[in-house]
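The values are calculated or read from the model by the stated rules, or taken from the named source; none is laboratory data. What you see is a predicted model, and the numbers here were worked out from it, not measured in a lab. Here the Cβ is made from the backbone with ideal geometry for all residues, glycine too, and neighbour counts use every protein chain on show. Side chains included, ligands, DNA and RNA excluded: accessible areas come from the protein's heavy atoms. Shrake-Rupley method; radii C 1.70, N 1.55, O 1.52, S 1.80 Å.
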Amino acid sequence: RQAGGGARYRMTPAVQFVADGSFLLYRRLDSNNVRRDGSFLAGTSFLLPRGWVQINASRFSPGEFPAMNDPLHDRQGVFAAGEYDLGSRVRVFGGWDMVTTNIDPDPTLSASRHLPRSTATRGFGGVRAALGDKSGVTLRVEEGDQLARPPSGGPDTEIAARVRAVEWQSSLGSLTAYTRFTRRENINSR
């Protein structure tokens, strides 16, 4: 069960604050205990003459993710991103985020006991350029890492990822088509 609400406050036309929060009652699989928890997202956005910047902080309860592919663990993080027009046909963008998962595992439940507490950071950036009236190309670079600490006291695992991508996009009437080339490198070390 979940109840919540949110608000947006426009301090000026260029500065906005957003907050969303909820209270949850949930029961994990194989448990008879009903847990009480909360989730929130709070952030601000700044509209610039030729772009924008956004900063968010969040914490999500395990009860927010009742899906089969997510074993009910919590997460919290910070995200910042922005875009800026360098000219009428060129825009740069970038951002950074950090997330921590499995903040408060319940040691009595097998679903969360074996999940490591993980911390991941990621940075990304790139440039978009218009080609003609209906086409454009995007170059994107992303780098990040994740450190997982097993609860049983075993060795930490560090995963680093580097992504380089080029994308071409074009509009033909109501149809939008794109093609993308991506190179991803993953490095896993204990």
*Can you name the number of the only condition in (1) over 30 Å from residue 21 (Cβ atoms); (2) modelled with pLDDT under 95; (3) of a type outside the set (Ser, Thr, Tyr) that residue 77 fails?*
(1)
*What are the residues in the stretch 10-32 that are under 19 Å from residue 61 (Cβ atoms), open to solvent by 100 Å² or more (accessible area, probe 1.4 Å) and free of Cβ contacts under 8 Å to residues at least 24 places away in the same chain, if any?*
23, 27, 32
*Find all pairs meeting these conditions: Cβ atoms under 7 angstrom apart; at least six residues apart or on different chains; first residue within the stretch 92-115 and under 20 Å from residue 59 (Cα atoms) and open to solvent by 50 Å² or more (accessible area, probe 1.4 Å); second residue assigned to a loop (DSSP other than H, G, I, E, B) and at pLDDT 70 or above.*
104/74
*Pick from the stretch 143-166 the residues that are open to solvent by 40 Å² or more (accessible area, probe 1.4 Å), of a type outside the set (A, V, I, L, M) and closer than 27 Å to residue 53 by Cβ: which of them is modelled with the lowest pLDDT?*
146
